[in-house]
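Read-outs throughout are calculated quantities, based only on the coordinates presented, and are distinct from any laboratory measurement. Keep in mind the model is a prediction, meaning the values are calculated, not measured. As a convention, Cβ positions derive from the backbone with ideal geometry for all residues, glycine included, and neighbour counts pool all protein chains shown.
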Amino acid sequence: MSGFAGEPSVVVARLAAAHLSKRYGHVAALNDVSVEFRPGLTGIIGDNGAGKSTLLKIFSGVEVPDEGAVLIDGEPVLLDSARASRRVGIESLYQDLALVETMSIAHNIFLGREITHRIAGLRLIDRRKMRQVADEALTKVRIAMPSSRTGVRQLSGGQRQAVALARAMRFGARVVLLDEPTAALGPRETAAVLGIVRDMADRGETVVMVGHNLPQMLELADNLLVMRAGRVVATPDPRTTTLRDLTEFMVGSLD
Amino acid sequence: MSTLAEAGKHNGDIVAPDPQASALDSRRRLTGTLSRDVLIDIALVVALGLLMAIFGVASSGKEFLGTNIVAIFDSGAILGVVAVGEVIVMIAGALDISVGSNAGLVTAAVAEVMLHQRNDLPLAIVVGLLVGALAGAINGLAVAYLRVNAVIATLATYSAFLGAALLVTNGNQVGVVSSFLATLGTGSAASVPYLVFILVVVVAIAMFAMRSTLAGHRVYAVGGGPTASRLAGIRVQRYLLGVFVVSGLCAAVAGVMLVGQTGTAQPTEGSVGLELTAITAVLLGGTGLTGGTGTVLGAVLGVLVLSTLDNGLLLIGVPSFWQEVATGGLLLVAVLLQDVGGHRARWRAVRAARRRAARSGAAMAVRP
């Protein structure tokens, strides 16, 4: 997991941004941001308004940059919709989760990618198969879950997050984006969800996580990216960086 | 750092079963595997049986059952077809107020084609269905692509379609001479009216489409979580457009049935007002206004309950004005009953909180 943003490397990054800029009126949310993300867990930290969420939104196709490009495996890709982003293998977990409340766990895991079979030209859904696969996927998420037929409405915050993560894992996403996945969770559920995230990174997926909890980030991430006022200001090594260093990167000099 | 160590960089530590989750599982066992939809369907069938029994006894027996049950289905057939379109729109989280005047416009179109194209019935029916579908597409385009609120968009087209129907017919009733349509509208086979056959076919197709096809499944997804569906790559706008076209098509079928039943184009009579009764039936059938829930079967059972009520009250000699009152009362009671679980849970929680507060002498009560 060597060779992070800026460092010369022979391996082409899974996901990269080249000279991304995004303005909202007079505010520059992103200002010429170039970064590379490699397999493992990369944590993005920064103060409010630093541009973290804007960067993630561009990767997930929700926002389109004013300038610059997103690269997948070194090739520029046009991400003009959530659909386009998903098609190139980017799976996003949104802060508000993006689950259909009225549907079951299984149907949420397969949302937009339902298992179907064709009979006389009609695409019929295969509920049993989806339930089976979903139940199997749920055993991997380290958090106690009811049957996959249960409605998402009846789940706790951590369980919902686990459903969203199971969905990302199930479809072998090449890049998983997480925007504060534990913001609304209690300590136990936070631990479980972070466990799932860590598992994904250990399996060699490229996981990008925005977070506010600095000690957590230092402990968990393989790489760190600090943003301030729309720019990437530092890419410290989490093994050798202190909390004080991080805070200083985030807000400028502490003195 | 203990929680983090737990979350850890090591695999294999499973979090202990969540008590909340197991409580949830046992609650599911209590209600069996019956979903809310199935429970509502059962309740509607029971209500239907009760109504029939009450009216059967009140009208002193045999007269009510037998031929009258056929009459109930017959009078509900046209409304039923409209309600099928309406429930699909409502499952998608929208509403279609224009279905009644759309049906009226279709009758006008059918009548005009018959009048000017030497009674070419197949052509008239094709034009009628096209007009209905096109009217639905206008609604769909306005709601899905121009992002007009569905209530406002279809309220506007309700008025526009009605006006168009009056323009086409010059405000007159236009007679339609077709023995085929007349037979369709008033005839029967083995004492089952042809209109009921049409209803059964429409309901069967709709139930299959909504339960088993990918398109139907996604209509539920789009209605239950439009944002989540869009982010999951589902083309939400297309599905919205689609449900309005289906609803327009159902209104068109109802319009053709109406021409058969009455032998005339009915720009207003018999068609306008269908929308509100259809929405009532859909709500009775357990479909909410928020989308993502409900069933075609529930809506049809709702239609049958309404026609049974009308039919029965008429039979036992209750003045027709009371029928409207009874319909309204029924709707209120049904919607309250459907939510009774939620209300009870909240009440229990509130009462428990008050008891706790009283025990601990909470300051809240003291505050002026």
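Here are the numbers:
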| read-out | value |
| --- | --- |
| Mean Cα-pair separation over length for region B:36-307, i.e. relative contact order, pairs under 8 Å, 6 or more apart, % | 38 percent |
| Spatially close lysines, pair count over the protein assembly as shown: Cα under 22 Å, gap of eight or more or interchain | 4 |
| Length-normalised contact order of region B:219-368 in % [C-alpha pairs under 8 Å, at least 6 apart] | 18 percent |
| Rounded to the nearest 20 debye, dipole of the protein assembly as shown from Cβ charges on Lys, Arg, Asp, Glu | 1420 debye |
| Angle between chain A longest axis and helix A:187-202 axis [Cα atoms, degrees, rounded to 10] | 80 degrees |
| Bridge type composition, region A:173-255 - antiparallel percent by DSSP, nearest 5 | 40 percent |
| Charge dipole of region B:36-307 about the Cα centre (unit charges at C-beta), most positive-ward option of B:Leu258, B:Gly85, B:Gly270 | B:Gly85 |
| Translational diffusion of the protein assembly as shown, µm² s⁻¹ [Kirkwood Rh, Cα pairs; Stokes-Einstein; 10 °C; 1.306 mPa s] | 57 µm²/s |
| Euclidean distance of C-alpha centroids, region B:268-330 and region A:149-169, integer Å | 38 Å |
| About the Cα centre, charge dipole magnitude for chain B (Lys/Arg +1, Asp/Glu -1 at Cβ), debye | 1820 debye |
